[in-house]
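Enquirer: Pasting in a structure now, in structure tokens, and then I'll have a few things to ask.
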Amino acid sequence: MSNDIFPTPTGIRSKVTPVFFPEHQMAIYKRLEDKHTTVEVENDPLGTKMILNLGPSHPATHGVLRIVLEIDGETIVKAVTDIGYLHRGIEKIAENKTYQEFMPYTDRMDYISPYANNVAWCLAVEKLCGIEAPRRAQYIRTIACEMARISSHLLWLGAMVMDGGALSMFLWTFRERENLYDIFDKLAGVRFTVSHSRIGGVAFDISDEVVEDIKNWNLKFRKELADWRKMLAGNPIWVNRIKDIGVLSKEKAIELGITGPNLRASGVAHDLRTFEPYLVYDEVDFDVVVREEGDCLARFFVRMDEMAESIKILDQLLDQLPEGDIRVDNAKQTYPSKTEVYYSMEGMIHDFMMTDVGVMPPEGVEIYHAIEGSKGELGFHLKSDGTGSPWRAKINPPSYRNLQALEYLMEGATIADTVVIIGSLDPVMGDCDK
């Protein structure tokens, strides 16, 4: 076929003549051209230079992420990330739902750490409406958020080590995730997409049985984590596989807007749990884990040590857990208890009104609130028009920001390094394609 009919963008050589270049694909190749692409047939007699697609169906891209690579042999010359394959327009969905109706959608953003998404949304709406949840509810939320952080880091650990060629760690981390799911099931009635947090509090109280289950799991997991860290940190194959790979300096991390463990692995001690405390993080003692190297190995150590800090936080929270209500006592701000709904007409009316209209903040109020999720800063920017739905809802997800480092880290790396670089950033595309 003639390239006059099916044109290949100038300066790019493809092994296969493209059959169809939709407008979106042309834009991707144009970005490669804008990066001063140098792949040309006449300068490549051995055929070592080519354009390679990684994803969007590759298992090591941690979701439907596509990366277009210009390679020279095994070396990546240029890289362009292509997102949007999981796009759902979730911000517009939020603007057409009541504040409480949108709760299940937050579960499906960073679906590896759903409880933290629930809490981030609730805190943003509560800030918009001037609501403060009871202390016991705040403690329960904090406990669940730290469990979600560990669960998220466990999947990252198993997947990243498996990407590096070892399967056993993936099985071990999933065993511990299953144990956490069992605890979430007892706490929220659901194992995975929990939707347990409520505007003004939480749906169900935490039982003594769940408290004991968490304490027992902490004791066992503390030893497991120490053994895993010793095994991996002392394994020269694993250390050499990720050391000095994907180096991100402190200055570049700040310039790119990187957040969470990826930022702290580059030497920036920024953690919203201490920088702008929320829930009850100012009542517990823990260390912000920081490394200076900025490579894949540093990002590995940061997340491993963060799991140990989360265990420390959980122990303190469980010992300090106060008695009291789990939701605010105001029928216009939160759902009534099921006891009220089943046995009083007023409770049934209030339940119906919260479902139909929901909480209604004052008109014209505009806020931004963020939490430190497992992958970094997760924030919601909301503006009210006085109804039960936000007039504007914008999401600031950490995966979207962290993926901005991917092109920079891949250029100059080898093809074999792509999977560990992606794994070290720990992106989730449901969080990215907002």
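Just so it is clear, none of the values below were taken in a lab; they were calculated from the coordinates. The structure displayed is predicted, hence computed values, not measured ones. So basically every Cβ, Gly included, is an ideal-geometry build from the backbone, and we count neighbours across all protein chains shown.
Enquirer: Of all the residues that make up the range 297-332, how many are in a loop (DSSP other than H, G, I, E, B) and surrounded by 20 or more Cβ atoms within 10 Å (Cβ to Cβ)?
Expert: Here the count works out to 1.
Enquirer: Looking only at the range 74-127, which residues are assigned to a loop (DSSP other than H, G, I, E, B) and among the small types (G, A, S)?
Expert: G84, G89, S113
Enquirer: Out of the helices (runs of 4 or more DSSP H) lying entirely within the range 158-271, which hold 1 or more residues that are over 21 Å from L314 (Cα atoms), among the polar types (S, T, N, Q) and within 19 Å of the chain's Cα centre (by Cα)?
Expert: Once the helices (runs of 4 or more DSSP H) in the range 158-271 are filtered for at least 1 residues that are over 21 Å from L314 (Cα atoms), among the polar types (S, T, N, Q) and within 19 Å of the chain's Cα centre (by Cα), what remains is 261-264.
Enquirer: Taking V64, is it without any contact (Cβ under 8 Å) to a residue 60 or more places away in the chain and crowded, with 17+ Cβ neighbours inside 10 Å?
Expert: Against the criterion (without any contact (Cβ under 8 Å) to a residue 60 or more places away in the chain and crowded, with 17+ Cβ neighbours inside 10 Å), V64 does not qualify.
Enquirer: Further question on the same structure: Considering only the range 183-233, state which residues are surrounded by 13 or more Cβ atoms within 10 Å (Cβ to Cβ), among the charged types (D, E, K, R) and in contact with a helix residue (DSSP H, G or I) (Cβ under 8 Å, 6 or more places away or on another chain).
Expert: K186, R191, R198, D205, D213, K215, R222, E224, R229, listed by residue number.
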